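Here is the structure we will look at, set down as structure tokens.
Please treat every number below as a calculation from the coordinates, not as lab data. As the structure is a prediction and not an experimental result, all values here were calculated from the model. Neighbour counts are summed over all protein chains in view; Cβ atoms, including those assigned to glycine, are modelled from backbone coordinates with ideal geometry.
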């Protein structure tokens with residue numbers, strides 16, 4: 001029998017990914033030559049099936065942490081960038097545009113965010129919600145999923161059970177990507 005995640009377990013999974021990215025603890029390496037809020041942290045991610053290992057590298061840069069720009073890169077074993085996300089810290093941590101005078105942000109907050117952002121959980125594409133024929137989007141419509149590709153390609157990736165990751169792209173949004181060979185494909189978005 002094929003096991004399918006139900007709506008509530010998928011919601012918990014997606015929210016957990018976002019929460020981990022936004023709140024996990026850890027230390028990032030400080031780069032003192034690029035402003036007062038320049039940090040970088042890297043983590044290796046390996047799928048338990050042994051078919052893929054890559055690294056996630058998160059960086060921040062800015063004169064202040066309230067105005068820092070952050071980026072997350074997924075890199076293949078040889079260092080090639082497979083996928084990149086970039087946004088201001090304020091948008092990732094609080095949502096929306098920063099006010100003219102954003103509240104002060106401690107360096108430790110950005111360090112914790114970066115450590116959490118690279119703490120990605122490897123999954124298989126088959127764990128993503130099914131996209132039934134005739135449906136407008138994946139899932140049963142109860143959650144705000146948004147497909148990034150056509151249904152036939154999406155279901156092909158799910159059927160092939162390729163390595164996948166879901167990562168925070170803003171305070172209330174997640175993008176799931178599938179890794180096929182040396183390419184990463186954004187396949188699914190979720191936002192509240």
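Summarising the label geometry, the points placed 7 Å from Cα in the beta-carbon direction at residue 71 and residue 159 lie 3.7 nm from one another. Estimated from the Cβ-Cβ distance and a Förster radius of 41 angstrom, the FRET efficiency linking residue 46 and residue 192 is about 0.85. Within the range 91-192, the percentage of alpha carbon pairs spaced more than 24 angstrom apart rounds to 34%.
Taking Cα pairs under 8 Å and at least six residues apart, what relative contact order does the range 40-192 come out at, in percent?
Details: 290 pairs, mean separation 29.6, N = 153.
Once divided by the residue count of the range 40-192, the mean separation gives 19 percent.
Could you give me the percent of Cα pairs per 5 Å distance bin for the range 73-123, shortest bin first, beginning at zero and ending with the bin that holds the maximum distance? All Cα pairs, binned at 5 Å, distribute as 4, 15, 21, 23, 16, 11, 7, 3, 0 percent.
One chain, two ends: residue 108 and residue 86. Fully extended at 0.36 nm per residue, the span grows by 6.0 nm beyond their Cα-Cα distance.
Strictly greater than 18 Å: what percent of every Cα pair in the range 51-104 meets that? Result for the distance tail: 42 percent.
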